[in-house]
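Structure first, then comments.
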Amino acid sequence: MRNLEKREYELDYLKQQQEVNQELIKVSQSLVATLKQYEEEPNNTEVLAVIADLEGQQEQLKAKTEKISKELAHL
């Protein structure tokens, strides 16, 4: 019975992590879309740096989400 409870806890935790990551991806995409409106301005290197950072974070979150999906499939 203890093993079943542990597995259920792990499953719930992974599902919550996946939901959080998906929401963070949405927020990040929204921020990138908003910032891209300002990237056209000359000498706006800060915006370009933030966009690059956010896009990198999006990729990391997508990779984590994919890994969690695979773990969920194995449980």
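FYI, it's all coordinate maths here, none of it is from the lab. Just so it is clear, the model here is predicted, and its values are computed rather than measured. No Cβ is skipped: glycine too gets one built from the backbone with ideal geometry, and neighbour counts run over all protein chains shown.
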Pairwise FRET efficiency - residue 17 versus residue 52, Cβ, R0 = 22 Å, nearest 0.05: 0.30
Just want to confirm a number: the relative contact order over the chain, from Cα pairs under 8 angstrom separated by 6+ residues, in percent. 46
Checked against a 18 Å limit on the C-alpha separation, the offending pairs among 26/62; 26/64; 15/62; 15/64; 36/62; 15/67 are 36/62
Could you point to the label whose value was computed as P(r) over Cα pairs in 5 Å bins from 0, in percent for the structure here, given (i) 3, 11, 7, 8, 6, 6, 7, 5, 6, 5, 5, 5, 4, 4, 3, 3, 2, 2, 2, 2, 1, 1, 0, 0; (ii) 3, 16, 25, 27, 17, 8, 3, 1; (iii) 3, 16, 19, 16, 12, 9, 8, 6, 5, 3, 2, 1, 0? (iii)
In what sequence, highest mean first, do 52-61, 4-13 appear when ranked by Cβ atoms within 10 angstrom? 52-61, 4-13
Compare the Cα positions of 56, 22, 43 along the charge dipole of the chain (+1 at Cβ of Lys, Arg; -1 at Cβ of Asp, Glu; about the Cα centre) and return the one farthest towards the positive end. 22
Roughly what angle does helix 45-74 make with the longest principal axis of the chain, taking Cα atoms, 0 to 90 degrees, to the nearest 10? 20
